[in-house]
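Heads up: the structure comes next, in structure tokens.
Where a number appears in this text, it was derived from the coordinates with a stated rule and is not lab data. Here the structure is a predicted model, which means the values were calculated and not measured. In this analysis, Cβ positions are derived from the backbone assuming ideal geometry, glycine residues included, and neighbour counts consider all displayed protein chains.
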Amino acid sequence: MPPTRPDGSMGIMATAESYLIAIGTKKGLWLASSPDRKEWSLSGPHFLMSEIPSIGIDTRDGKTRIMVGVRSEHWGPTVAHSDDLGATWTEPEQGAIKFPDGTDAALERIWQIYPDSDSRPGVVWAGCEPISVWKSTDGGEHFELNRGLWDHPHRGEWGAGYGGAAAHSIVVDPSGEKVHIAMSTGGVYRSLDGGTSWEPRNKGISAYFMPDPNPEFGQCVHKIAADAAVENRLYAQNHHGVYRTDDGGENWDSIAEGLPADFGFVMLTHPRREGTAWVIPLKADGERIPPDSKLSVHRTDDAGGTWKELHTGLPDHEYNAVLRDAAAVDTAEPAGVYFGTRGGAVYASADEGETFTEVASHLPDVLCVRAAVVVGVPADNETKASAPVPG
């Protein structure tokens, strides 16, 4: 039975120090909590029968706000948030994200929710379908369309990936001026003025499926993430291809050697340590299963120079994929690694992927996983948390 609060609500109970996993699926949201990252308790479902493709956990200002991109077949998409670990939820009456008059567009799906840095409290970014980027200054309650990207002359040539037209990755540097986004399909775009203007930055990333395999834009980049300790270093998981840039996207180099396959969706980076990243390879775009049906995470500790297979605690036979946002890291020491499969299994590692335990099974198709370290006082529901790294 999932734990309940004294008032009977289904939000999780924070202990003196605990860990939170938010799990978005095709049929609702589940929350898992643990005092030690060994034993987990599940709460949910929240938003039953609604799709949850995106989650953001905002832990700035000593508070914890869970934001979810909810997509109802009846009511459409919006962003809902909870400030009490899921006991109650708030949804803006007019919707958190709404295209302005004159754009001739309607929101289809919220693919990404990205809380900004501690130095910009209240700022939250969102990436959506149709391909667009949005910014909130009130903690994710209301968002404004980024017109620089929406009015970009390339927009008419951006396409839809297999799952839809997605602006799915947002990376903001500490200054707030340099912003990278990635989209399927379109590739990586960079802004040097906080999002006012955008330029494609895909040199070295292959688009083998196009007439010109090295176009300026049009790549199907599946996910990007920043190195926490090296300025201008990012990593990318492409539609076939794993890459690194050390100059803010000006040039990308392959780091796929040593992996069993270069296809996949996940790209995670360590919250503190230089050169550490994780991927979850799949065999190929035509066979979206783990190589040899063996589910493994692969980690590099030298920025892609070498890779280590991490399999302890994971199944030898698995035929379900892990989607781009169905994986996350926390900020604990050592860092935790979490992911869920399209078969509804969720796994957690408290030792940076060396060993995994199963948190949940038989959930609906897992679309999004986010994690955070939470410190709380259950008596008055006040919570504090260390900032998670989206991704």
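Here the spin labels are modelled as points 7 Å beyond Cα on the Cα-Cβ line, and at Val230 and Asp351 they lie 2.7 nm apart.
For the chain, modelled as a GNM whose springs connect Cα atoms under 10 angstrom apart, the maximal fluctuation among Pro211, Pro45, Pro200 occurs at Pro211. Packing order of peptides 227-234, 185-192, 243-250, highest average first: 185-192, 243-250, 227-234 (average count of other Cβ atoms within 10 Å over each peptide's residues). Suppose R0 equals 30 Å; then what is the FRET efficiency for Phe209 and Asp292 from their Cβ-Cβ distance, rounded to the nearest 0.05? Result of the calculation: an efficiency of 0.75.
The simple spin-label model puts a point 7 Å past each Cα toward its Cβ; for Ala160 and Glu199 those points are separated by 3.2 nm. Could you tell me the distance between the Cα centroids of the range 232-271 and the range 105-129, to the nearest Å? So the separation of the two Cα centres works out to 23 Å. The H on the amide N of Gln219, modeled in the peptide plane, is under 5 Å from the matching H of Gly186, Gly187, each at least 5 residues off or on a different chain. For the residues Gln94, Gln112, Gln219, a GNM of the chain with alpha-carbon springs under 10 Å puts the largest fluctuation on Gln94. 3J(HN,Hα) along the range 228-242: 6, 10, 10, 4, 6, 9, 10, 10, 9, 9, 9, 6, 6, x, 10 Hz, from the Karplus curve 6.51 cos²θ - 1.76 cosθ + 1.60 with θ = phi - 60°, whole Hz, x for Gly and Pro. Of Asp151, Asp173, Asp262, the residue with the greatest mean-square motion in the GNM of the chain, using alpha carbon springs below 10 Å, is Asp151. The distance between label points at Trp75 and Lys63 comes to 2.2 nm (points 7 Å beyond Cα on the Cα→Cβ vector). Across the range 131-148, the residues whose backbone nitrogen lies under 19 Å from the label position 7 Å along the beta-carbon direction of Ala105 are 131-137, 142-148.
Rounded, prolate or oblate: pick one for the range 18-386, where a ≥ b ≥ c are the square roots of the eigenvalues of its C-alpha gyration tensor, a/c under 1.5 means rounded, and failing that, prolate if a/b is larger than b/c, else oblate. The shape class here is rounded. Maximal additional length on extending the Glu17-Asp247 stretch stands at 79.0 nm, based on 0.36 nm per residue less the C-alpha distance. Scoring 122-135, 301-314, 352-365 by mean Cβ neighbours within 10 Å over their residues and listing the highest first yields 122-135, 352-365, 301-314. Placing +1 on the Cβ of every Lys and Arg and -1 on the Cβ of every Asp and Glu, with nothing else charged, gives the chain a dipole about its Cα centre of roughly 440 debye.
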